[in-house]
Amino acid sequence: MPCGQLYLCRYPGEDILAPDLAGWRRERMPALPETAWLELAPDWICEVLSPATAKIDRMAKMPRFAATGVAFCWLVDAEARTLEAIKLSDGQWLLLASFVDAADVAAEPFDAAPFPLGVLWAE
């Protein structure tokens, strides 16, 4: 297990995929299991893009997360200061909204708790 990775998703016969952040609804996972990895696909993932990881995050990880039924994905690009909110719909990723700089973010699955995107950027 890579150091610092708390939430891992195992795919049969394949390497372990670890999103940068992941979340599960309490009704689906009321308590953390005692294993070093989680086999239950997250409800939400977030990937923090960088020039070194963007291609892997978009082209390798996102299709595999979609195949397991992850419902929501956020892509955060600190260099571009953007957040893309994406939802799985009929097996395909659908862009819900894009946010830039200091925009107010209200995006599924956290649309009930909006926040200013600017809090993510270092000054």
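The values are calculated or read from the model by the stated rules, or taken from the named source; none is laboratory data. For clarity, every value in this text was computed on a predicted model and none was experimentally measured. In this analysis, Cβ positions are derived from the backbone assuming ideal geometry, glycine residues included, and neighbour counts consider all displayed protein chains.
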#### Entry: the stretch 100-123: number of residues that are touching a helix residue (DSSP H, G or I) at 6+ places or on another chain (Cβ under 9 Å), assigned to a strand (DSSP E or B) and surrounded by fewer than 15 Cβ atoms within 10 Å (Cβ to Cβ)
2
### Message
So for the stretch 89-99 (the condition being in a strand (DSSP E or B) and within 13 Å of the chain's Cα centre (by Cα)), does at least one residue qualify?
### Response
yes
#### Entry: Positions within the stretch 83-104 being in contact (Cβ under 8 Å) with a residue 24 or more places away in the chain and either at positive phi or of a type outside the set (A, V, I, L, M, F, W, C) (or both), in sequence order
Gly91, Gln92
### Task
Determine whether the stretch 37-52 contains at least one residue that is in a loop (DSSP other than H, G, I, E, B), surrounded by fewer than 14 Cβ atoms within 10 Å (Cβ to Cβ), polar (S, T, N, Q) and modelled with pLDDT of 90 or more.
yes
### Checking Ala107 against (1) touching a residue at least 40 places away in the same chain (Cβ under 8 Å); (2) closer than 20 Å to Trp24 by Cβ, the condition it does not meet
(1)
### Query
Going by the conditions given, is Ala85 among the small types (Gly, Ala, Ser) and either within 19 Å of Lys55 (Cα to Cα) or under 12 Å from the mean Cα position of the chain (by Cα) (or both)?
yes
